[in-house]
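Undergrad: My questions will all concern the structure given below.
The values are calculated or read from the model by the stated rules, or taken from the named source; none is laboratory data. All figures in this text were calculated on a predicted structure; none of them were measured in a lab. Here the Cβ positions follow ideal geometry from the backbone for every residue, glycine too, while neighbour counts run over all protein chains shown. Accessible surface is based on the protein model in full, side chains and every heavy atom, while ligands, DNA and RNA are left aside. Shrake-Rupley method; radii C 1.70, N 1.55, O 1.52, S 1.80 Å.
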Amino acid sequence: MQILGLYNYWIFIVLMMCGFYVVISRGNLVKKLVGLNIFQTSVFILYISMGKITGGTAPILTGTATVYSNPLPHVLILTAIVVGIATTALGLALVVRINEAYGTIEEDEIHAQSEDEAL
Amino acid sequence: MLLSLLVVTALAVIRLRDLFAVVMLFGIYSLLSASLFVVLDAVDVAFTEAAVGAGVATVFMLGTLALTTSREKTPSTHKPLLPLLAVLVTGAALIYGTSDIPPYGDPGNPIHHHVAPRYLEDSADEIGIPNVVSSVLASYRSYDTLGETTVVFTAAIGVLLLIGGARRRRSEEPPRPDHEEDA
Amino acid sequence: MKQYSIPRLITKLLLPLILLFALYVQFHGDFGPGGGFQAGVIFAAGFVLYALVYGLDNARRIMPPWLLRVGVSLGVLIYAGVGVAGMLLGGAFLDYGVLDPHDPVHGQHLGILLVELGVGITVAAVMVSIFYAFAGRGR
């Protein structure tokens, strides 16, 4: 029971680490953003998992159900998703500008160009 | 089951080098997590995730790929060992931390005994609408939502400032010297 | 995309349904799942579909960028304006109970409807204008 009860959280940790790995090990900026989004979604799953009650139903009052899942995490994550896409779009816009300025979206090449300029 | 599919998709995102496929997989990943949210009773969240993740986010990322490049270069200087080590250590620490988390789905968890019962019990009398998520979103926590709306607004201003105007520099300036050739 | 007649036809069939569904989600959000955030994104997704199939110029003709800029700020203004209206009527900021002097529950209902409308307008306008920015950059 104890092991089964924590399975959700372990999967969420695995997903989070997948996103984390993409962010720190890949040099491509678009891929980094996808990694960040995977990371973000894993946090969403953590929150929603916490709000779930076994045998509960969606928090829409119908008068028939007695147990509802916790609505608070839903509210927080609902807004977080929309804010997440807005900030992702901002990041993608930065990538587009970086590509226009440097001609590449690979981190190594950008660093190399900046060092050349500094010399 | 859904969780395992999510993990498989995330691993595929790590392995693939074709960014077009990565973006498509990300759309699938979002759709999968939306179905997971339905299973977890969060219908509103699932709705948003399906529309945002699988719809709009994919279009934005494809738009970026069209403006840049759709092929990731093979990293030459990056060594995968150090990031892998960092990830494993962090993951192990987090898994150690879950031993203190109360079990999944238990109605006795502390999260269900703070403000949530008040929302669920009094919302029908105070607000009078059946969807508790809406009433918490727009009434009980409306400061929050005002802030979130302002963040979305600010992000739009940022995007428009960055890439909203016409492109001028490319036509006026000579193209930058290509540093690949120097090396 | 002039030569692909099937996507054009399907888009023509689906578009009114998508936009109608967005409005349904917007105004039925009090009773079922839905609300301003979802409705805004669905509305924008329908519009993005139109722009992808029929071209950016046609989309710009229907939804000109200045209208989007007005929409982006109008939504936030409606939201904050509801809050200020509550203050002027003697309540706290964003206290909807005072919007209807006879029945606070009805006032709450009205306040939520207006606030969700503001959220929906902002989100839809933001998403479409971000799409325009990305699509307009490519040429």
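Undergrad: Have a look at B:Ile14, B:Ile95 and point out the one that is within 20 Å of A:Val30 (Cβ to Cβ) and not in a loop (DSSP other than H, G, I, E, B). Show your work before the answer.
TA: Numbers: B:Ile95 fails: within 20 Å of A:Val30 (Cβ to Cβ).
Step by step, each of B:Ile14, B:Ile95 is checked, and only B:Ile14 is within 20 Å of A:Val30 (Cβ to Cβ) and not in a loop (DSSP other than H, G, I, E, B).
Undergrad: I've got another one for you. Taking region B:15-30 as the search range and keeping residues that are open to solvent by 20 Å² or more (accessible area, probe 1.4 Å) and over 14 Å from the mean Cα position of the chain (by Cα), which one is farthest from C:Ala51 (Cα to Cα)?
TA: Top of the filtered list is B:Arg15.
Undergrad: Just to confirm my filter: which helices (runs of 4 or more DSSP H) fall fully inside region A:17-119 and include at least 1 residues that are under 29 Å from C:Gly29 (Cβ atoms) and in contact (Cβ under 8 Å) with a residue 60 or more places away in the chain?
TA: Fully inside region A:17-119 and qualifying: A:71-102.
Undergrad: Quick check: anything in region B:127-142 part of a helix (DSSP H, G or I), open to solvent by 60 Å² or more (accessible area, probe 1.4 Å) and more than 9 Å from chain A (Cβ to nearest Cβ)?
TA: Taking every residue of region B:127-142 in turn, none turns out to be part of a helix (DSSP H, G or I), open to solvent by 60 Å² or more (accessible area, probe 1.4 Å) and more than 9 Å from chain A (Cβ to nearest Cβ).
Undergrad: List the number of the failed condition for B:Ser33; all other conditions in (1) at the interface with chain C (Cβ under 10 Å from one of its Cβ atoms); (2) crowded, with 24+ Cβ neighbours inside 10 Å hold.
TA: All conditions pass for B:Ser33, except number (1).
Undergrad: Quickly run through region C:1-19 and pick out the residues that are closer than 18 Å to B:Ala50 by Cβ and open to solvent by 100 Å² or more (accessible area, probe 1.4 Å).
TA: C:Leu17, the sole residue that qualifies.
Undergrad: Among C:Phe27, C:Phe43, which is open to solvent by 40 Å² or more (accessible area, probe 1.4 Å), over 27 Å from B:Ile157 (Cβ atoms) and within 12 Å of the chain's Cα centre (by Cα)?
TA: Among C:Phe27, C:Phe43, only C:Phe27 is open to solvent by 40 Å² or more (accessible area, probe 1.4 Å), over 27 Å from B:Ile157 (Cβ atoms) and within 12 Å of the chain's Cα centre (by Cα).
Undergrad: So is B:Gly108 in a loop (DSSP other than H, G, I, E, B) and exposed (fewer than 12 other Cβ atoms within 10 Å of the Cβ) or not?
TA: So B:Gly108 fits the description; yes.
Undergrad: Also, quick follow-up: Would you point out the residue of region A:2-36, among those that are more than 7 Å from chain B (Cβ to nearest Cβ) and open to solvent by 40 Å² or more (accessible area, probe 1.4 Å), that is modelled with the lowest pLDDT?
TA: Among those that are more than 7 Å from chain B (Cβ to nearest Cβ) and open to solvent by 40 Å² or more (accessible area, probe 1.4 Å), it is A:Ile3.
Undergrad: So which residues in region C:23-44 are without any contact (Cβ under 8 Å) to a residue 60 or more places away in the chain, within 11 Å of another protein chain (Cβ to nearest Cβ) and in a helix (DSSP H, G or I)?
TA: Of everything in region C:23-44, those that are without any contact (Cβ under 8 Å) to a residue 60 or more places away in the chain, within 11 Å of another protein chain (Cβ to nearest Cβ) and in a helix (DSSP H, G or I) turn out to be C:Val25, C:Gln38, C:Ile42.
Undergrad: So how many residues does region C:53-106 have that are in contact (Cβ under 8 Å) with a residue 40 or more places away in the chain and over 18 Å from the mean Cα position of the chain (by Cα)?
TA: 4
Undergrad: Okay, moving on. What number of residues in region C:119-139 are in contact (Cβ under 8 Å) with a residue 40 or more places away in the chain, at the interface with chain B (Cβ under 7 Å from one of its Cβ atoms) and not polar (S, T, N, Q)? It would help to see each step written out before you state the result.
TA: Taking region C:119-139 and keeping what is in contact (Cβ under 8 Å) with a residue 40 or more places away in the chain, we get C:119-129, C:131-132, C:135-136.
Now drop any that are not at the interface with chain B (Cβ under 7 Å from one of its Cβ atoms), which leaves C:119, C:122-123, C:126-127, C:129, C:131, C:135.
Subset that is not polar (S, T, N, Q): C:119, C:123, C:126-127, C:131, C:135.
Count: 6.
Undergrad: What number of residues within region B:46-72 satisfy the criterion of being of a type outside the set (Lys, Arg), more than 7 Å from every other protein chain (Cβ to nearest Cβ) and not in a helix (DSSP H, G or I)?
TA: Within region B:46-72, residues that are of a type outside the set (Lys, Arg), more than 7 Å from every other protein chain (Cβ to nearest Cβ) and not in a helix (DSSP H, G or I) number 1.
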